[in-house]
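First up is the structure itself, then whatever we jot down about it.
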Amino acid sequence: MVKRRHQSSALLAATVLACLCASHCAQAKVEFMKVLPEGDGAQQETIVIKNNGDKPQDLKGWSIVDTSKQGANVYWFGGDDAAFKSKPVKWCSNWTELATEQEFTLQPFDRDRFSSSFEPCGFRFKLGFDGQLELRNAQQQPVDRVSWTEAKPGMAVYRMGSTFVPFMENQDLKSSIKSAPVLSTFAKALHSTGILDKYLKSGEPIKFEEDSWMAKQLQRSGYAKSYYKGPWTVFAPSDEAFKDFMKEMGWFGMTLTEEELLAMPELEDILLYHVVLGQEWSSGVKNATGLVSMKDGAEVAVFHGENGEFYVHDDCVDRPSPDDYGCEMQAEWRKCGEDWVQDEGLFSGRALGYCERSCGRCTCDGGQCGRADIYDIPASNGVLHVIDKVMYPAPAYDKPEKQWRTKEEIQAEMDASTGTNNLAGLLNGQ
């Protein structure tokens with residue numbers, strides 16, 4: 001009896017430990033992120049999976065099964081044969097270790113070494129018009145599913161939370177936004193203000209004045225023309241984001257109607273703040289980078305979360321430092337901790353002082369940031385990111401003319417005036 005009681009206690013303890021581990025221990029979470037069922041000529045059929053957990057996953061013995069087909073429908077990680085059976089392949093062994101936040105992009109099998117689409121570790125079945133894929137673990141238990149219907153060439157389905165949403169890829173941004181089922185309010189707002197055709201339609205040039213902020217910004221990147229055709233980066237608030245915004249902007253607990261939203265006098269400025277110069281992919285933007293929006297050059301700050309999240313902040317801007325050198329140089333010279341920089345708004349007019357973004361004082365704690373639910377949707381004239389917040393434009397500050405100089409120009413000038421070739425070291429007491 002005592003022995004059984006001890007066994008029962010041990011079993012209970014093991015069960016409690018298992019439950020605690022299920023909720024607190026590090027786990028892998030491998031999921032479908034994107035499927036492109038029908039290529040459009042410019043790209044092939046594609047399956048993208050990602051480990052969204054906090055533990056690496058070995059995919060040996062895992063498979064992807066097209067359950068819409070009766071046979072010839074299995075892909076095995078690590079290699080398979082023409083009979084769709086698991087068969088280890090030497091050069092496919094690297095496709096089984098999936099680290100945290102790592103993605104695998106799978107494309108159709110092609111053993112022709114001289115082909116541009118050579119892919120010896122690809123999947124052998126066709127995806128096609130309708131389909132459903134199932135990701136199975138080594139015990140052949142399903143861990144994730146994705147399905148689609150009536151796929152057009154170039155139409156990809158992207159994970160958005162627990163659902164999948166279709167987007168047309170490699171069209172112009174205007175077409176991609178208009179055809180997206182979760183961006184209908186954004187599309188109507190862009191159309192009502194004329195932004196959809198003026199900026200996001202492929203081939204439409206934007207002319208700007210020679211001494212404008214846009215001219216200065218483009219000149220820094222070596223652009224010498226007096227017009228700009230793109231590319232653009234668009235942070236597109238979802239329909240749910242607009243619902244929250246319309247509720248927030250309503251009076252006395254009431255929610256704005258769509259008609260009232262479209263009649264807002266500040267709507268054009270709000271939308272222009274969501275359109276950024278250049279083609280900014282999530283993986284190519286450094287943390288706390290300020291992207292230049294079309295709302296008078298006001299910055300949209302971009303942050304990366306600890307678990308790979310992609311965030312945007314609409315109130316994290318650099319108030320230019322009151323000197324000839326600018327925030328980037330002050331941060332490099334380690335001046336961010338000085339009292340005149342952290343003046344708490346005394347002269348800067350900003351609660352976090354001068355150079356808050358460059359000095360790393362902004363955070364995404366407290367809900368200030370919008371999160372990208374879907375990111376890196378390719379377009380012919382830029383890239384699209386779907387966010388869960390309508391951003392309100394941050395203030396735009398004019399930098400003094402001398403602060404538009406490059407780092408190399410400032411360094412050369414200061415080195416010449418101080419007679420040293422190590423200005424940064426001199427400023428830091430080295």
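Looking at (1) among the acidic types (Asp, Glu); (2) out of contact with any strand residue (DSSP E or B) (no Cβ under 9 Å at 6 or more places or on another chain); (3) at pLDDT 95 or above, which one does Asp144 not meet, given that it meets all the others?
Checking Asp144 against (1) among the acidic types (Asp, Glu); (2) out of contact with any strand residue (DSSP E or B) (no Cβ under 9 Å at 6 or more places or on another chain); (3) at pLDDT 95 or above, the one that fails is (2).
Does Glu101 fit the bill of being among the charged types (D, E, K, R), open to solvent by less than 70 Å² (accessible area, probe 1.4 Å) and touching a residue at least 60 places away in the same chain (Cβ under 8 Å)?
yes
On the given criteria, is Lys174 more than 21 Å from Glu103 (Cα to Cα) and open to solvent by 60 Å² or more (accessible area, probe 1.4 Å)?
no
What's the total number of residues in the stretch 82-93 that are over 10 Å from Phe123 (Cα atoms) and surrounded by 12 or more Cβ atoms within 10 Å (Cβ to Cβ)?
Qualifying residue count for the region: 6.
Name every residue in the stretch 121-138 that is without any contact (Cβ under 8 Å) to a residue 60 or more places away in the chain and within 24 Å of Asn52 (Cα to Cα), in order of residue number.
Of everything in the stretch 121-138, those that are without any contact (Cβ under 8 Å) to a residue 60 or more places away in the chain and within 24 Å of Asn52 (Cα to Cα) turn out to be Cys121, Gly122.
Identify, from the list Gly370, Gly360, Gly366, Gly337, the residue that is within 30 Å of Gly230 (Cα to Cα) and surrounded by fewer than 14 Cβ atoms within 10 Å (Cβ to Cβ).
Only one candidate qualifies: Gly360.
Run down Arg136, Arg124 and say which single residue is more than 21 Å from the chain's Cα centre (by Cα) and under 27 Å from Asn307 (Cα atoms).
On inspection, the qualifying residue turns out to be Arg136.
Please specify each residue of the stretch 386-405 satisfying the condition of being open to solvent by less than 60 Å² (accessible area, probe 1.4 Å) and touching a helix residue (DSSP H, G or I) at 6+ places or on another chain (Cβ under 7 Å).
Selection gives Ile387, Lys389, Val390, Pro393, Trp404.
Answer yes or no as to whether Met294 is out of contact with any Cys (no Cβ under 8 Å at 6 or more places or on another chain), under 19 Å from Thr406 (Cα atoms) and touching a residue at least 12 places away in the same chain (Cβ under 8 Å).
It is false that Met294 is out of contact with any Cys (no Cβ under 8 Å at 6 or more places or on another chain), under 19 Å from Thr406 (Cα atoms) and touching a residue at least 12 places away in the same chain (Cβ under 8 Å).
Within the stretch 108-120, is there a residue that is free of Cβ contacts under 8 Å to residues at least 60 places away in the same chain, of a type in the set (Lys, Arg), under 27 Å from Asp40 (Cα atoms) and open to solvent by 20 Å² or more (accessible area, probe 1.4 Å)?
For the stretch 108-120, residues free of Cβ contacts under 8 Å to residues at least 60 places away in the same chain, of a type in the set (Lys, Arg), under 27 Å from Asp40 (Cα atoms) and open to solvent by 20 Å² or more (accessible area, probe 1.4 Å): present.
Tell me, yes or no, whether the stretch 209-217 has at least one residue that is out of contact with any Phe, Trp or Tyr (no Cβ under 7 Å at 6 or more places or on another chain) and among the hydrophobic types (A, V, I, L, M, F, W, C).
Yes, there is a match, as at least one residue in the stretch 209-217 is out of contact with any Phe, Trp or Tyr (no Cβ under 7 Å at 6 or more places or on another chain) and among the hydrophobic types (A, V, I, L, M, F, W, C).
I'd like to verify a number: residues in the stretch 228-273 that are of a type outside the set (A, V, I, L, M, F, W, C), closer than 18 Å to Met391 by Cβ and in contact with a strand residue (DSSP E or B) (Cβ under 6 Å, 6 or more places away or on another chain), how many?
4
The values are calculated or read from the model by the stated rules, or taken from the named source; none is laboratory data. Here the structure is a predicted model, which means the values were calculated and not measured. Note that we place each Cβ from the backbone using ideal geometry, even for glycine, and neighbour counts take in every protein chain shown. Calculation scope for accessible area: heavy atoms of the full protein, side chains included, ligands and nucleic acids excluded. Shrake-Rupley method; radii C 1.70, N 1.55, O 1.52, S 1.80 Å.
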